[in-house]
């Protein structure tokens, strides 16, 4: 028989303290004032004369209201849990008291997850943390295996984005000749997408029995993940037409899925930096070129930040060889099963949940808790 869920008044007091800290980090009073100001602005005459500015304002209203509603909902959950627990205590040995205690515990469990999310968002203080992200996955050491590992990571991130409710646009995902993919680039739109996903930037290591080896030997393979922000419209990166070459070619994709088969794929080469960006997801050359230019501008902006700060981890973490000794996370499928983040120490033996279902939140949250110095005395586990 499963053990009944329980929660104590002390645990609810701890939740209240954490929630108070989150409210302070998020400046809830300032956000409420800001919403009032923006809503007054949105009903003023001529507000929609500048459509782009108006849309940006409405998006800010929606985001800010979402933060406020999340805290208000958590406050309501805390109040409900307290009320149920207090009533159960008053009822003593009444048979219905046990049901109330379980209700309080279940509410507290939801509250804990909500506060985890709110704390995570409050840690995002970077300029682009609350915005969208561009993710690129490339094979490293491991030959054909690395291309297959790149495809496995690509599918894992697709599942993760789906779990988070984020919108994904696949910009480029060409199939490799034998197995897997040559690379993948995709844009992720959603709340805190860049802040969350920058936890994934770095080298990912896979250990398993090689599916391409007739002798069934163990193989170690690597792939690199790059995460950069989608730049807001108010950041303008000038690119001279003379500095780029635009090539059009035939699109391809893994299994022929998700990619058109017309000659609309676009490759943009930026001569001064040597950056090459490809996009083949959209149905027209114009759309694909626009997507390429968005990615190119984001990468050029990153380079400029690196020049100013002389610190590559400003945006995506240190640039390292995609191979031995540089991994941020290991995925071991043989001789045992484990996924372990080498920075935060978060680990799990449920590799299927991670790779097949995209259950990455424990690793992402664990990384940010570690990175912000908010690590608990006990290492979090997946």
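Readers should treat all values here as calculations from the given coordinates under stated rules, not as data from a laboratory. This one's a predicted model, so the numbers in the text were calculated from it and none came from an experiment. Note: ideal-geometry Cβ built from the backbone for every residue, glycine included; neighbour counts use all protein chains shown.
So here's what we get for this one:
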{"read-out": "Relative compactness, the chain, computed as alpha-carbon Rg over 2.2 N^0.38 Å", "value": "1.14"}
{"read-out": "Acute angle (nearest 10 degrees) that the helix 144-164 long axis makes with the longest principal axis of the chain, alpha-carbon atoms", "value": "40 degrees"}
{"read-out": "Per-pair calculated FRET efficiency, R0 = 35 Å: residue 56 and residue 249 via Cβ, rounded to 0.05", "value": "0.50"}
{"read-out": "Mean Cβ neighbour count within 10 Å, used as a protection proxy, ranking 290-300, 87-97, 220-230 highest first", "value": "220-230, 290-300, 87-97"}
{"read-out": "Rough spin-label spacing in nm, given labels placed 7 Å along Cα→Cβ, for residue 276 and residue 125", "value": "4.1 nm"}
{"read-out": "Two-site label geometry, residue 213 and residue 69: point separation in nm, points 7 Å out along Cα→Cβ", "value": "5.2 nm"}
{"read-out": "Average Cα contact separation per residue, the chain, under 8 Å, 6 or more apart, as relative contact order %", "value": "14 percent"}
{"read-out": "Of all DSSP beta bridges in the chain, antiparallel share, percent nearest 5", "value": "90 percent"}
{"read-out": "Angle in degrees between helix 9-26 and the longest Cα principal axis of the chain, rounded to the nearest 10", "value": "50 degrees"}
{"read-out": "Per-residue [θ]222 nm for the chain (sum of -39500 (n - 2.57) over DSSP H runs n ≥ 4, rounded to 500)", "value": "-15000 deg cm²/dmol"}
{"read-out": "C-alpha center-to-center spacing [the stretch 68-93, the stretch 200-220] in angstrom", "value": "49 Å"}
{"read-out": "Mean Cα-pair separation over length for the stretch 9-123, i.e. relative contact order, pairs under 8 Å, 6 or more apart, %", "value": "35 percent"}
